[in-house]
Amino acid sequence: MILFRGAVDLRPRRGVCMPTNFDQIIERRGSNSLKWQKYPEDVLPLWVADMDFAAPEPIMRALRQKVDHGIFGYEMPSPQLAETVAGRMQKLYGWRVSPETVVATPGVVAGFDLAARTVCTTGQGILVQPPVYPPFLSVHTDKELLRQEAPLSLAVKDGNLHYSVDLDRFEQAIHSGGARTGMFLLCNPHNPTGQAYSRSDLTCMAEACLKNGATICSDEIHSELLPGGVEHFPLAALDPEVGNHTITLIARARPSMSPGCSVALRSSPTGSCWNAIKRPSCRMRCMSAAWAWQPHRRRTRAHATTGLKP
Ligand SMILES: Cc1ncc(COP(=O)(O)O)c(C=O)c1O
């Protein structure tokens, strides 16, 4: 299943893509930018994945079309978008994703929450690999879940810091702290270590999860931002059985340099998660969790709690 954020259809149109001008300096102070207003003026902010280049022309054009249309009513994710995503996965990785498994989420971090609520039961654990992007560390909170940790190993290689998976430590962390591991939250490529996991590391981690009945939620938001020569392996595409137990989170925000206007996608192409979603009760749970993020639903809930009619 795949989840995405935003309602604008940003599919690129053939033959009209213009290159981004990386030499153009755009003043962002005074534009309500989180990155540029967090610190005093004399600090050059380099702390967040938020680039200072203009978004690519196809995105600008799609947004202009939307603005020119002049109406900003409620929208649903379009079937064409799901097809575009499936096509991209096929093109980039030879990974066959069924468009029906593509589901929208307001963002990748929101997808963590949705995945945890869908696959974990009260008292279970969520396994993470610190040091990791901070929102990974708080997914368990307010859900009666436990955080389980399998820290990455740090070594110095050729004068550079290098993090790697310690597979013994990984296996020991599964079902640790007196809780069964419901979900392993993988970050691949890994933020902040920059590690793109090898096929063999991914296979070993996936096998350990499958052996222990844990679902994998794989955050692959940075999969299209890799240095030359480094290959990305979508975990769910490694093996059909692994795919059966994996929820993949992707977004076009990173490659398109538009994190504040992003689309995130959640995919569990064929397997037990998707089969679980096919079961009406689980599908309802997942769909209603995703639906709760829609702006008009939030308004409805506010009305409900104040007793006013929406
Ligand atoms: C690994 C990782 N996942 C998710 C996100 C945020 O994704 P979103 O803004 O779609 O919630 C980031 C942002 O830097 C990130 O580094």
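Taken over the stretch 231-240, the residue count meeting the criterion of being more than 16 Å from the ligand (Cβ to nearest atom) and either crowded, with 19+ Cβ neighbours inside 10 Å or in a helix (DSSP H, G or I) (or both) is 4. Scanning the stretch 98-117 for residues that are at pLDDT below 90 and over 13 Å from the mean Cα position of the chain (by Cα) gives 98, 99, 100, 101. Name every residue in the stretch 82-103 that is surrounded by 18 or more Cβ atoms within 10 Å (Cβ to Cβ), away from the ligand (no atom under 16 Å from the Cβ) and of a type in the set (A, V, I, L, M, F, W, C), in order of residue number. Correct list: 82, 86, 89, 95, 97.
In the stretch 104-125, of all residues being surrounded by 23 or more Cβ atoms within 10 Å (Cβ to Cβ) and within 16 Å of the ligand (Cβ to nearest atom), the one that is farthest from residue 169 (Cα to Cα) corresponds to 104. Does residue 150 qualify as being in contact (Cβ under 8 Å) with a residue 12 or more places away in the chain and out of contact with any strand residue (DSSP E or B) (no Cβ under 8 Å at 6 or more places or on another chain)? No: the conditions fail for residue 150.
Here the condition is being at pLDDT below 90, out of contact with any Leu (no Cβ under 7 Å at 6 or more places or on another chain) and not in a helix (DSSP H, G or I); of 228, 260, 213, it holds for 228 alone. Scanning the stretch 185-227 for residues that are farther than 21 Å from residue 173 by Cβ and away from the ligand (no atom under 16 Å from the Cβ) returns 199, 227.
Within the stretch 128-136, one or more residues are within 19 Å of residue 236 (Cα to Cα) and part of a loop (DSSP other than H, G, I, E, B). Of the numbered criteria (1) more than 16 Å from the ligand (Cβ to nearest atom); (2) in contact with a helix residue (DSSP H, G or I) (Cβ under 8 Å, 6 or more places away or on another chain); (3) among the β-branched types (Val, Ile, Thr); (4) at pLDDT 90 or above, the one residue 128 fails is (1). Of the residues 214, 206, 236, 196, the single one that is in contact (Cβ under 8 Å) with a residue 60 or more places away in the chain and closer than 25 Å to residue 91 by Cβ is 236. Only a single item in (1) over 30 Å from residue 147 (Cα atoms); (2) surrounded by 15 or more Cβ atoms within 10 Å (Cβ to Cβ); (3) at pLDDT below 90 is not met by residue 79, and it is number (2). Within the set 156, 67, the sole residue that is in a helix (DSSP H, G or I), modelled with pLDDT of 90 or more and of a type in the set (Val, Ile, Thr) turns out to be 67. Among the residues of the stretch 174-191, those that are on the phi < 0 side of the Ramachandran plot, part of a loop (DSSP other than H, G, I, E, B) and in contact with a strand residue (DSSP E or B) (Cβ under 9 Å, 6 or more places away or on another chain) comprise 174, 179, 180, 188, 190, 191.
Output the residue which, of all residues in the stretch 210-230 that are buried (at least 24 other Cβ atoms within 10 Å of the Cβ) and not acidic (Asp, Glu), is farthest from residue 59 (Cα to Cα). If we take residues in the stretch 210-230 being buried (at least 24 other Cβ atoms within 10 Å of the Cβ) and not acidic (Asp, Glu), then 214 is farthest from residue 59 (Cα to Cα).
The values are calculated or read from the model by the stated rules, or taken from the named source; none is laboratory data. Remember, predicted model here, so these are calculated numbers, not experimental data. Neighbour counts run over all protein chains shown; Cβ positions are idealised from the backbone, glycine included.
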